[in-house]
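This report refers to the structure that appears directly beneath it.
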């Protein structure tokens, strides 16, 4: 189902010519959340690459040039978001890439664990789309 949805997202015509040239690595295993975030980000002019599991993202992190920002779910199959933060922070070319965690885990210790691992920000689900977009804009502009 996720592959089908990625195809649908690619077909969305948002009439926006990547006005900010920022690229987002989105790692989210929930199809509805991935679709919504991809749509919102593309509408804002971001180039979005979405993976539904941690292994796919891990491979992309090792093989691709750094993205402008990584938006990671904590609880994803194969490699969790905390492991991905460690991988991102271990690569010199990715070290300055902002990482925003997005998760249903809202306990203080979960948030602290992600921030201590190297996340720049943490958003709990359910989230307000405008707030997530503002946090992304902030993180991307701070990197520029």
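Every number in this text was worked out from the coordinates using simple rules, so none of it is lab data. Bear in mind the structure is a predicted one, so any value in this text is a computation, not a measurement. Counting neighbours? That spans all protein chains shown, and the Cβs are built from the backbone with ideal geometry, glycine included.
Panel order for 35, 78, 46, by other beta carbons found within 10 Å of each beta carbon, from fewest to most: 78, 35, 46. Here the label points at residue 36 and residue 49, each 7 Å from Cα along the C-beta direction, are separated by 2.6 nm in the simple model.
Against the main long axis of the alpha-carbon atoms of the chain, helix 81-90 sits at an angle near 80°.
The long axis of helix 108-117 is offset from the longest Cα principal axis of the chain by roughly 90 degrees. Report summary: the helix-based calculation at 222 nm, which adds -39500 (n - 2.57) for every DSSP H run with n ≥ 4 and divides by the residues of the chain, gives -14500 deg cm²/dmol. Note on residue 95 and residue 134: with the Förster distance fixed at 25 Å, the Cβ-Cβ geometry gives a FRET efficiency of about 0.55. Taking the inverse of the mean reciprocal distance over all distinct Cα pairs, the Kirkwood hydrodynamic radius of region 54-144 comes to 13.2 Å. Panel order for 30, 59, by other beta carbons found within 10 Å of each beta carbon, from fewest to most: 59, 30. Computed from the Cα positions only, the extents of region 54-95 along the three principal axes stand at 25, 16, 14 Å, in decreasing order.
Angle of helix 54-63 to the longest C-alpha principal axis of the chain, folded into 0 to 90 degrees and rounded to 10: 80°.
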